[in-house]
Every structure is written in structure tokens, then in C-alpha cells.
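Visitor: Would you mind keeping the following structure in view while I ask a few things?
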């Protein structure tokens, strides 16, 4: 007889949350109801594997247990990590693969390929920046590529001096702004309801911040900071860090950028998932851009 699975694995199976990325998204939703400080700090992939295989010798830390109990009301952490009660194992098995509909099969494939590398989701940029301060994202980075509108994450929320230290230390930085002299940024201002050229002014300021920084760099480091602009409909803010982590923030209709959600995507060895999609978006925008 195979060993009895722990209750947590059975409950995750029932809710189709055994895939790591999908689990993290639900974990963060529950964390928000427990304590906003816990959003964006799900278990690592290795920890999640130990949780679901019953390899833990003791319960996870208190915060993890609080979030799990919020995800599964009515169950305590002790119960979640104990063998599943027999009555929970009497559920009907899913139908054989050859009896499932084509739509179900396609949905499973989409879940496996489309969300496998999404590791965290935040409902607003404000909650993202609170949970993931910029120094935790950039301080050790060796390659940063960013495309969006004003790139405030780098230009307003990360100190100039730290950027200078990164680039002189060998980090490569490519920044792609929505052209402050173009039509697309004015269309976005109209959509967000600005009448004072707020986005144009902010973007010009941020470009100036980086051009001044570039002038202060040693001669051998100047080429490691590239600045460019593009004039196309703004759809995403994309930040790629060390060819491994993607921070993707969509632009919603008639909503300010700070009100849009943020997705954290980690590249997988198999290449499956969304990382490659948004890296391609960045590369195509960069190829069509104008250097500053």
C-alpha cells in the first residue's frame, strides 16, 4: 500500500493548486487577509516540495502556518501536515485521460505551461514595492533591463548613488522609456485623466536623472548604461534582472500605473512559462527604439 498523503497535498489537489506558481498566487491572496507584510513571501519551490511530500520533521514557521490556516479554514496547521483522514480519500478519482474532454486537456496544458513560472502576484504596485523593496531586487544584480513608461522603480525608488556603484562595479543597465516627445505618452495621459502633462514631465525628469548619472561614470563604465525611447502604445512595464527574474506590470485602461497589478516571474530551466514571452517583448521594443 502506498503511504497515506498528508492532508495539505490532498486539499491542494482538490483545488488544483499543486503547481508551484498557482499555489504562490493563492498563498499571497490568503497572506493579504492575515498580514500585508506576509504578501510576497511564499515558501521556496524546495520548501513547497517538502510541504507536499510530508518530509517535514516539524511544522513550518508561525507565519506560514497562519497563512495556510487562512487558505484552508477549518483545518489547523497540525492537521494539514498530518496524514489525510480516510474520509478525505474516498473522493472519486478523476476520469481517465481518454475520457476527458479536449477543453479540459487544453486547460491543463495551459496551467502547466502558462503559469509554471509565476511565483508571486500583487494587486497593486504599491503592495509590490512594500513587499519587495528595491534594494532586495537590484543590490546584487549584474544585468538589468527595463522597459515601460517612466521607470520609477529604478529612477525614483532606487538611489542614484547605488545605481552608480552598481554600474561602476560591472552591472549592465538598459532603460527604455516611453518617448516624452511622442504621441503614445500623450494618449496615455489622456487615458489616465492628466491635464498637466504629468507623465511627460516625470519621464523627462527620469531620463535626465540617468543621463546625468551616465556623465559621472568612469569612461570604461559609460557603455554599461544605455538609455533609449520608443513611441508605441504602452502595454507593460517590464524589468528583467540577471536573465532570471521578470517583474511585469500591465497598464490597465483608465487606471493609474500604481493601481495595476504586479507579477513576479522566475525563469525555469525548461523554458516553459511566461518569462520568455516578456523577454521577447522587451527585445522587440529595444530593437525598434531610439538611443538617447
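Each value in this text was obtained by applying a stated rule to the coordinates, not by laboratory testing. For clarity, every value in this text was computed on a predicted model and none was experimentally measured. When we count neighbours, we look across all protein chains shown, and the Cβ atoms used for this are built from the backbone with ideal geometry, even at glycine.
Visitor: For residue 4 and residue 211, compute 0.36 nm times the residue count separating them, minus their Cα-Cα distance, and round to one decimal in nm.
Guide: Here the segment from residue 4 to residue 211 would lengthen by 68.4 nm.
Visitor: Give me the percent relative contact order of the chain, please, defined on Cα pairs under 8 angstrom at least 6 residues apart.
Guide: Answer for the chain is 21 percent.
Visitor: Which FRET efficiency value, to the nearest 0.05, do you get for residue 194 and residue 283 by plugging their Cβ-Cβ distance into 1/(1 + (r/R0)^6) with R0 = 41 Å? Before the final figure, lay out each step's value.
Guide: Details: r = 30 Å, r/R0 = 0.73.
E between residue 194 and residue 283, to the nearest 0.05, is 0.85.
Visitor: Averaging over all projection directions, find the projected area of the Cα convex hull of the range 141-240 and quote it in nm² with one decimal place. Kindly include the intermediate steps, with their values, before the conclusion.
Guide: Working: hull surface 24.3 nm².
With every direction weighted equally, the projected area is 6.1 nm².
Visitor: To test your reading of the geometry: what angle, between 0 and 90 degrees and rounded to tens, separates the Cα axis of helix 275-287 from the longest principal axis of the chain?
Guide: 10
Visitor: What's the exposure ranking of 174, 288, going from fewest to most Cβ atoms within 10 Å?
Guide: If I rank by nearby Cβ atoms, fewest first, I get 288, 174.
Visitor: Fewest Cβ neighbours within 10 Å first, please rank 226, 191 accordingly.
Guide: Lowest to highest Cβ neighbour count: 191, 226.
Visitor: Please work out the FRET efficiency for the pair residue 35 and residue 75, using the Cβ-Cβ distance as r and a Förster radius of 25 Å; give the result to the nearest 0.05.
Guide: 0.85
Visitor: Pop the C-beta distance of residue 258 and residue 219 into the FRET formula with R0 = 30 Å and round what comes out to the nearest 0.05.
Guide: E between residue 258 and residue 219, to the nearest 0.05, is 0.20.
Visitor: Points 7 angstrom from Cα along the Cβ direction at residue 63 and residue 244: gap in nanometres?
Guide: Distance between the two pseudo-spin positions: 2.1 nm.
Visitor: Highest mean first, how do 270-278, 49-57, 35-43 rank when packing is the count of other Cβ atoms within 10 Å averaged over residues?
Guide: Working: 270-278: 16.1, 49-57: 13.8, 35-43: 17.8.
Highest-to-lowest ranking by the protection proxy: 35-43, 270-278, 49-57.
Visitor: Kindly express, to the nearest 10 degrees and within the range 0 to 90, the angle between helix 62-71's C-alpha long axis and the longest C-alpha principal axis of the chain.
Guide: The angle comes out at about 80 degrees.
Visitor: Shifting gears a bit: Compute the helix-to-body angle for 183-192: its Cα long axis versus the longest principal axis of the chain, expressed 0 to 90° and rounded to tens.
Guide: Compared with the principal axis, the helix lies near 50 degrees.
Visitor: Please report, to two decimal places, log10 I(q)/I(0) for the chain at q = 0.07 Å⁻¹ as given by the Debye formula with identical point scatterers on the Cα atoms and no solvent.
Guide: -0.34
Visitor: Express in whole angstrom the spacing between the alpha-carbon centres of the range 139-157 and the range 11-72.
Guide: Computed from Cα coordinates, the inter-centre distance equals 29 Å.
Visitor: What is the fewest-to-most order of 14, 266, 189 by other Cβ atoms lying within 10 Å of their Cβ?
Guide: 14, 189, 266
Visitor: Between the range 215-262 and the range 187-205, how many Å separate their Cα centres?
Guide: Value for the Cα centre distance between the two parts: 17 Å.
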